[in-house]
Amino acid sequence: MSEEPQPSSSCTRSVCPVCDKLFPMSDIEAHVDRCLFLNDSTAPQSTTNGTTVDGSVATAGRESKRSFSIFNKTSPNVGSAKRARRGEDRNSNGGHVNEEDIERTVIDLSDEEKEKEREQSKREKAKAKAAEDDGGSVPLAEKMRPNELGDYIGQEQIIGKNTVLRTLFEKNTIPSMILWGPPGCGKTTLAHIIATHCKKHETMRFVKLSATMSGVNDVKEAVKVAKNDIAFKRKTIMFMDEIHRFNKLQQDIFLPHVESGTITLIGATTENPSFSLNSALLSRCRVIVLEKLGVEAVMKILERALPQYKTIMFENNNKVPDIRSLPFVPRMMISAESIRWLAEICDGDARIALNSLQLALNTVAAQQEEENSALKRISLDEIKEGIKKSHMLYDRKGDQHYELISALHKSIRASDDNAALYWCSRMLVSGEDPRYLVRRMIRMASEDIGLADTNALTVATSTLNAVQAVGMPEADCIIAHCAVYLARAPKSREVYNAFNRCKASIAQHKGPMPSVPLHLRNASTKLMKSLNYGAGYNLLHKDESGLRYMPEELKDEHYFSE
């Protein structure tokens, strides 16, 4: 036949994907068209003179209407043709390649690719298993956010049964509010529950923004969409995290839209709203105060997170718990003592507790893989190794700063030396400026001790000089001595109270302020002395001459209690 492959080394050849024979590249496409045409059972049979059985001529135009060409990627034999071409190209001598060599090459390459696919599949499975084991890059605190209000732990005073907020939530009536509380107490989690609740109702839409990444323009865009949704009777709830990051001018963007009901604003802040938020905005929103989580609440949160790492908790009696009812095969065991220790050192911050637990479990899981152990028991010492000290919430310019110094002042005033030492030490450990601490003690020495022990003021001022001369951490003992001395010293607020009464009397005085009596005035000239200025200059007691030292209008005023 004319279509038999001819050996040649002067041109590049290719394999026909239909008959698996070699042809020059210039003729391969035309040959494939003929092969497809001849192998098509529905096509009219061609005769040797180029005509069909019914006498029609097989024209080139009909040949162009083929089902697919060699360049169509959907052809079932194109992959084999390419592999055969690669095998033919490796024959650098350009000699003739028989069909057995091509077939052997195709088989070898096919096995190689299958092996690569198997290796790739193994790697993907290993990556998936690793992601399942360590939870990926998502923090444990984020993965453990509940979606239902029934799974919310803590804050029973505001979201517990029969509370106002829970009743409104169950009736789908969510008011504008400001969630104020320390980090990790559940503000963002409560907003997440509200967002999940909104997804179940077509009449509610939840928009989540953060003042750390969003600006006024983002709020305006959300309000535009909210105005359009009103026409479809759809309510928009906007959650603004870290709302105190907006200054008071930027906070004005919420006022008209909250007032008109276009949006329901839920703000979350760790700062005191009285100082960080606009008073007009506060009048339109209800402030919900969230407290630090208790130890028991944090323990429940940690216990609920253990199955994420296929970990079980056992009591301190070292008895292995019953694992037959568990939906997973446990890999690690942790004692209840370790869980309680984590709950106690996190200072009521569930986020700190969960992330600390994640760090500890990841560390132990890595050791478990190296040791090839089936069930690893996590001890309290291993937990403490990764977490050296407890977490303390403190801000040298925030509420904690003023709350702690107030606690110290009241403890010294009440003569509680034990409490005074605790609050003083806590401020120093938290990183408070020791000079500020001693300056406040100087005030305490004058305000609360006063005349009862005049040496207290000397001790306080000497402590300030010593702290400035020595510095921290050597000055910590000096400050502690001063705090305990002031707490144990006798107390007298006689002068302090009398001074406050005097200030109040001056502030409330009606009419012109009284003039200084003549005998109390300065007599710097002979004329002034002749006018009886300074007559009380040499008097040592107020009753020597019957002269009064108070203005006549204030003769009946007594600032010191009798």
Item to check | Accessible-area order (highest first, 1.4 angstrom probe) of the listed residues Lys208, Lys233 | outcome: Lys233, Lys208
Checklist entry - With each pseudo-label sitting 7 Å past Cα toward Cβ, what's the Ala366-Val164 distance in nm, one decimal? => result 5.0 nm
Checklist entry - Considering only the other residues whose Cβ falls under 10 Å of the Cβ of Thr196, what net charge follows from Lys and Arg at +1 and Asp and Glu at -1? => result +2
Checklist entry - In terms of the Cα gyration tensor, with a ≥ b ≥ c the square roots of its eigenvalues, is the stretch 161-294 rounded because a/c is under 1.5, prolate because a/b exceeds b/c, or oblate? => result oblate
Checklist outcome for this item: Which residues qualify? For Ser14, with a placed amide H closer than 5 Å and at least 5 residues away or on another chain, they are Phe23, Met25
Next on the checklist: Taking the full set of protein chains and a 1.4 angstrom probe, give the accessible area of Glu315 in square angstrom, rounded to the nearest 10.
Outcome noted: 100 Å²
Item to check | Across Lys220/Lys292; Lys199/Lys310; Lys199/Lys220; Lys171/Lys248; Lys227/Lys248, pairs whose alpha-carbon gap is larger than 29 Å | outcome: Lys220/Lys292; Lys199/Lys310; Lys171/Lys248
Next on the checklist: Using the basic label-point model (7 angstrom from Cα toward the beta carbon), what is the Leu527 to Gln120 distance in nanometres?
Outcome noted: 11.1 nm
Checklist entry - For Val289 and Lys200, what is the calculated FRET efficiency with R₀ set at 30 Å and r taken between the beta-carbons, to the nearest 0.05? => result 0.60
Item to check | Probe 1.4 Å, all protein chains present, accessible-area order of Glu202, Glu170, largest first | outcome: Glu202, Glu170
Next on the checklist: Report the gain in length on full extension from Lys384 to Lys300: 0.36 nm times residue separation, minus Cα-Cα distance, nm rounded to one decimal.
Outcome noted: 28.2 nm
Item to check | Extended-chain gain in nm, criterion 0.36 nm per residue less alpha-carbon gap, Lys233 and Leu518 | outcome: 94.6 nm
Item to check | Net charge over other residues, Cβ less than 14 angstrom from the Cβ of Phe246 (K, R count +1; D, E count -1) | outcome: -2
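The values are calculated or read from the model by the stated rules, or taken from the named source; none is laboratory data. Note that this is a predicted model, so its numbers are computed, not measured. Every residue, glycine among them, receives a Cβ derived from its backbone with ideal geometry; neighbour counts consider all protein chains shown. What goes into the accessible areas is simple: the full protein's heavy atoms, side chains included, and nothing from ligands, DNA or RNA. Shrake-Rupley method; radii C 1.70, N 1.55, O 1.52, S 1.80 Å.
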